[in-house]
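Visitor: Here it is, the structure, as structure tokens.
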Amino acid sequence: MGTLSHQEARRTYDRIGSRQDSQGFYEDRATAMVRLHGDFTAAESVFEFGCGTGRFALHLFEEYLSNTARYRGVDVSPRMVRLAQARLASHSPRAEVILTEGGPPVDEPAGSYDRFVSNYVFDLLSHEDIRAVLREAHRMLRPDGLLCLSGLSSGSGFGSRMVAGVVSWIQSLRPSLVGGCRPIDLLPFLLESEWQVQHHSKVVPFGIPSEVVVATRC
């Protein structure tokens, strides 16, 4: 199944812009669970791969992060970066949002973060890119740091599996119609030698299946 190139993803999300927040009706339940199980009150440094409009980060600053915690978000879309920068402006300079080319964050320092977050991004990446990003996440996290993920997933019942199948079909025909996203299962990508899963669940708001994974760096 084909995925959007980094340039195609940039064009798609530049076009979507602030409308991305409208997907909160099914994403918010999963991202709330990421915040709940990610122990962000104990985090002093957070990296978000694919920060979008900055909604998730704003929740962290308003509800979880300490007054000394710092955040760095990256995104492939210039428009998303501008939206996130504006949304997080009141938390500058502790909040930093950077435009990237969309590849794995190979330039980030090793062992420099307590949390590596990615919400609804892995489901638009190729399998090769997912593995590459996870390698960088493992490198970037401190010992016992947490990997915090959510995204579209295969369903947990007949109805949600039907929805997942329809999304996969649309994505196979015209990926840009679903923002390049398709349902995937995250657990098979986590090597037991590198990650210890602390929380795993699937949620199905409005029949749309999502998966939440929080894992400790081994």
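Read-outs throughout are calculated quantities, based only on the coordinates presented, and are distinct from any laboratory measurement. Since the model is a prediction, treat every value here as computed from it, not as a measurement. All Cβ positions, glycine included, derive from the backbone under ideal geometry; neighbour counts span all protein chains shown.
Visitor: For the chain, what is the relative contact order in percent, using Cα pairs closer than 8 Å and at least 6 residues apart in sequence?
Guide: Details: 436 pairs, mean separation 49.8, N = 218.
Computed value for the chain: 23 percent relative contact order.
Visitor: Hey, what number do you get for the chain at 222 nm if only DSSP H runs of n ≥ 4 count, each worth -39500 (n - 2.57), divided across all residues, to the nearest 500?
Guide: So the helix-based figure for the chain works out to -10500 deg cm²/dmol.
Visitor: As a test, work out the antiparallel percent of DSSP beta bridges whose residues both lie in the stretch 6-217, rounded to the nearest 5. The partial results should precede the final answer.
Guide: Values: 15 of 34 bridges.
The antiparallel fraction comes to roughly 45 percent.
Visitor: Follow-up. Within the stretch 57-123, report the GluC sites (Glu not before Pro) that DSSP leaves as loop and that have at most 13 other Cβ atoms within 10 Å.
Guide: Values: sites: E62, E63, E96, E101; in loops: E101.
When the GluC sites (Glu not before Pro) of the stretch 57-123 are filtered for loop state and at most 13 Cβ neighbours within 10 Å, E101 remain.
Visitor: What's the local net charge at Q196, with K and R +1, D and E -1, over the other residues with C-beta under 12 Å away? If you can, show how the numbers build up before the last one.
Guide: Working: positive: R217; negative: D144, E192, E194.
Around Q196, the charge tally is -2.
Visitor: Taking neighbour Cβ counts within 10 Å as the exposure measure, how do S126, S45 sort from fewest upward? Let's see the in-between values first.
Guide: Values: S126 13, S45 19.
Ascending Cβ contact count within 10 Å gives the list S126, S45.
Visitor: So, R0 is 25 Å and r is the distance between the beta-carbons of E101 and E44; what FRET efficiency does that work out to, to 0.05? The partial results should precede the final answer.
Guide: Details: r = 28 Å, r/R0 = 1.11.
It comes to 0.35.
Visitor: Using label points projected 7 Å from each Cα along Cα→Cβ, tell me how many nm separate S156 and A110, to one decimal.
Guide: Label-label distance for S156 and A110, simple model: 3.8 nm.
Visitor: For the stretch 183-218, which GluC sites (Glu not before Pro) are in a loop by DSSP, counting at most 12 other Cβ atoms within 10 Å? Please report the intermediate quantities before stating the final value.
Guide: Numbers: sites: E192, E194, E211; in loops: E192, E194.
Sparse-neighbourhood loop GluC sites (Glu not before Pro): E192.
Visitor: Quote the convex hull volume per residue of the chain, based on C-alpha atoms, as a whole number of Å³. Provide the component values of the computation, followed by the final result.
Guide: Values: hull volume 23.3 nm³, N = 218.
Taking only Cα atoms, the chain has a hull volume of 107 Å³ per residue.
Visitor: Where Lys and Arg each count +1 and Asp and Glu each count -1, what net charge lies around H6 among other residues with Cβ under 14 Å from its Cβ? The partial results should precede the final answer.
Guide: Working: positive: R10, R11; negative: E8, D14, D75, E101, E128, D129.
Once positives and negatives cancel, what remains is -4.
Visitor: Now for a different question. Treat each spin label as a single point 7 Å out from the Cα along the C-beta direction, and report the C218 to E128 distance in nm.
Guide: 2.6
Visitor: In addition: Taking the Cβ of E96 as the centre, find all other residues whose Cβ is under 11 Å away and add up their charges (Lys, Arg: +1; Asp, Glu: -1).
Guide: It works out to a net charge of +2.
Visitor: How high is the relative contact order of the stretch 58-160, in percent, with contacts defined as C-alpha pairs under 8 Å that are six or more residues apart?
Guide: Working: 109 pairs, mean separation 25.8, N = 103.
Relative contact order here is 25 percent.
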